[in-house]
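A.B. asks: Dropping a structure here in structure tokens format, bear with me for questions.
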Amino acid sequence: MADRYGLVVAGLHSGSGKTLATLALLGGLQSRGRSVRPFKCGPDFIDPRFHEWISGRTSVNLDPYFLTGEGLENLFDRMTRGFSGGVAEGVMGFYDGLERGTSTYDVARTLNLPVVLTVYAKGMAETLASIVRGVRDFRPDSNIRGIIAVQTGSSRHVSILAKALEEEGLPPLLGALPRHETFRLPERHLGLVDVREIEGEDGVSGLPEELLRAVSDWRWENILDFFNPAPSGMIPPDETVSLPGTQSHAKSGHAYRLGVAWDKSFRFYYPENWAELEKRGVGIVPFSPMEDRELPSGLDGIYLGGGYPEQFAEELAENRSILESIRRFHQDGHFIYAECGGMLYLTQGLSTRPDLDWAGILPCRFRMNGNLRRLGYVSATPVPGEAWPSDPSPVRGHFFHYSELVFDTEKDRLPPAFLVDGHPEGFQSKKTLASYLHLYFSSNPGFVDAFVRQLSNK
């Protein structure tokens, strides 16, 4: 097994402070001369954007459902080449997902990386030791090597926690993050609010500095042992491209230009998807459905990712010129691929706001619900049609949405885009392929090849 440097940040449950602890580690390691690559276990689009905000490095998803064990190892090794190591934020609780083999524990074991367990310690003292012992001993190869306590009180509280672990011969307390208003990251129904929406707000803008102050007395002599003190320093350009941001990745050498929706309303993309497309000659051209008046020129296709379009319903509806530009693109028979929030943008809009019209390519509206409609991993098979004439082999992805589509009549439904467990999912309209699925392209290279072929068939 190859020597790997880095660690995995685990927690007891969602909301246990993993993201905050990961940001603290990324900032603290960088300030101590360690170049580290951030990672996120599982299918997450929001936490990685926080990683990138702090570190300035593309954060890469590590998911055992999307990739084989060997695939995970190759991805981690490739993306940490020349670095001091990687910091991978876990998903949900440490062992959640054991049955399917998709837990944080499974990722750490596959990569043979040490685990730092984050524990929400508000209102807790010596009980911390019993929790840590139970989690550590639940699997003999848990490899838990240290603890980070979050939401701690006084310095005496931290001392009690550290002593309780030491007296029981348990992994040491490596650091603590005290209760602090800046350390409360705002949330909404899909998780944390995207950092680009809040980075200029009071409090959040000072988070990096507050974290650096908070970690000044951490046990860095222990943490630094997990990282390569003398990496090669020859960090190659990202094989996984950065998310689009405001800069086009399309170059003269690219055979195709793919327009990608990228602004506050559309943010949910896997960086690895860009890598797969770029390897095949596709240049990424970002545009904003909220701010741009027209689509970029010379596009061979459009990719509308997920996000929070319902939060910006008025702004999206008011930009009538780009909505008309997208409708013309569709009518002219160009390829449009839309996922979840991107699919909603192609509908007529919110059912509760009939005065706000969106693209209207799909003959329906949507409504938001107070509870999740669907959540989980899926394997989807494309349905042959004008939007997808070839390669019907399965591709893996996941569902995570609170909305549902509203049709006036069942006759308005279009042909499905995919089959999931034999059931129709999404829609095809001309060369538009839209569904609630968030797909991980690397799980089926043939899917990517077929995607690129659609760009070539103008």
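The numbers here are math on the coordinates, done by the rules we state, and not lab data. Since this is a predicted model, take the numbers as computed values, not measurements. Note that we place each Cβ from the backbone using ideal geometry, even for glycine, and neighbour counts take in every protein chain shown.
A.B. asks: Each label point is 7 Å from the Cα along the Cα-to-Cβ direction; what then is the distance between the points at R413 and L375, in nm?
C.D. replies: It works out to 2.6 nm between the two label points.
A.B. asks: Counting each pair of different Cα atoms once, what's the Kirkwood radius of segment 316-458 in Å, rounded to one decimal? Let's see the in-between values first.
C.D. replies: Working: mean 1/r = 0.0641 Å⁻¹.
15.6 Å is the Kirkwood radius here.
A.B. asks: What range in the chain is the longest one free of GluC sites (Glu not before Pro) that are in a loop by DSSP and have at most 16 other Cβ atoms within 10 angstrom? Walk me through the numbers on the way to the answer.
C.D. replies: Details: sites that count: E99, E126, E168, E199, E201, E239, E291, E294, E386.
Longest site-free region, per DSSP loop and neighbour criteria: 1-98.
A.B. asks: Right, next: Quick one: plug the Kirkwood hydrodynamic radius of the chain (C-alpha pairs) into Stokes-Einstein at 20 °C, 1.002 mPa s, and report D in µm²/s. Intermediate values should be presented prior to the final figure.
C.D. replies: Working: Rh = 23.1 Å.
Translational diffusion coefficient: 93 µm²/s.
A.B. asks: If packing is taken as the average number of other Cβ atoms within 10 Å across a peptide's residues, how do 116-122, 225-231 rank, most packed first?
C.D. replies: Working: 116-122: 22.6, 225-231: 15.7.
Highest mean packing first, the order is 116-122, 225-231.
A.B. asks: Using only alpha carbon pairs under 8 Å that are at least six residues apart, calculate the relative contact order of the chain and give it in whole percent. Could the numbers behind the result be given before it?
C.D. replies: On the way: 975 pairs, mean separation 56.9, N = 458.
It comes to 12 percent, rounded to a whole number.
A.B. asks: With a cut-off of 15 Å, note down the residues of segment 277-319 whose backbone N falls inside the zone around a label point 7 Å from the Cα of D332 toward its beta carbon.
C.D. replies: The answer is 294-303, whose backbone nitrogens lie closer than 15 Å to the label point.
A.B. asks: With θ set to phi - 60° and the Karplus curve 6.51 cos²θ - 1.76 cosθ + 1.60, what are the ³J(HN,Hα) couplings of segment 319-327 in order, to the nearest whole Hz, using x for Gly and Pro?
C.D. replies: The phi angles translate into 7, 5, 5, 6, 4, 5, 4, 5, 4 Hz.
A.B. asks: Right, here's the next one. Could you put M92, M124 in order, starting from the residue whose Cβ has the fewest other Cβ atoms within 10 Å? Walk me through the intermediate numbers first.
C.D. replies: Numbers: M92 20, M124 17.
Starting with the residue having the fewest Cβ neighbours, the order is M124, M92.
A.B. asks: Continuing with this model, one more query. If I model a spin label as a point 7 Å beyond the Cα along the Cα-Cβ vector, how far apart are those points for N112 and H180 in nm?
C.D. replies: 3.7
A.B. asks: Report the Cα centroid-to-centroid distance between segment 68-122 and segment 298-355 in angstrom, as an integer.
C.D. replies: Spelled out, the Cα-based centre of one part sits 36 Å from the other.
A.B. asks: List every residue whose amide H lies under 5 Å from the amide H of N444, counting only residues 5 or more places away in sequence or on a different chain, with H placed 1.01 Å from N in the peptide plane.
C.D. replies: Here the answer is R396, since their amide H atoms fall under 5 Å of that of N444.
A.B. asks: If you don't mind, another one. From the backbone phi of segment 430-436, what are the Karplus-calculated ³J(HN,Hα) couplings (6.51 cos²θ - 1.76 cosθ + 1.60, θ = phi - 60°) in whole Hz, Gly and Pro given as x?
C.D. replies: 6, 9, 9, 10, 9, 7, 7
A.B. asks: Any idea what diffusion coefficient segment 6-226 gets from Stokes-Einstein, in µm²/s, Kirkwood Rh on alpha carbon pairs, 4 °C, 1.567 mPa s? Walk me through the numbers before you get to the answer.
C.D. replies: On the way: Rh = 17.4 Å.
After rounding, the answer is 75 µm²/s.
A.B. asks: Step through the residues of segment 421-428 one at a time and calculate ³J(HN,Hα) from phi using the Karplus curve (6.51 cos²θ - 1.76 cosθ + 1.60, θ = phi - 60°), rounding each to whole Hz and writing x for Gly and Pro.
C.D. replies: 6, x, 9, x, 9, x, 8, 10
A.B. asks: Next up: Using 17 Å as the cut-off for backbone N distance, which residues of segment 329-371 belong to the label zone defined by a point 7 Å from the Cα of R320 along Cα→Cβ?
C.D. replies: So the set is 348-349, 354-361.
A.B. asks: Once amide H atoms are placed 1.01 Å from N in the peptide plane, what residues at a sequence separation of 5 or more from D63, or on another chain, have their amide H within under 5 Å of its amide H?
C.D. replies: G42
A.B. asks: Over segment 6-226, calculate the relative contact order: mean separation of alpha carbon pairs under 8 Å at least 6 apart, over the residue count, as a percent. Before the final figure, lay out the partial values.
C.D. replies: Numbers: 395 pairs, mean separation 50.8, N = 221.
Normalised by residue count, the contact order of segment 6-226 is 23 percent.
A.B. asks: What spacing in nm lies between the two simple spin-label points modelled at R139 and S154, each 7 Å away from Cα in the Cβ direction?
C.D. replies: 3.9
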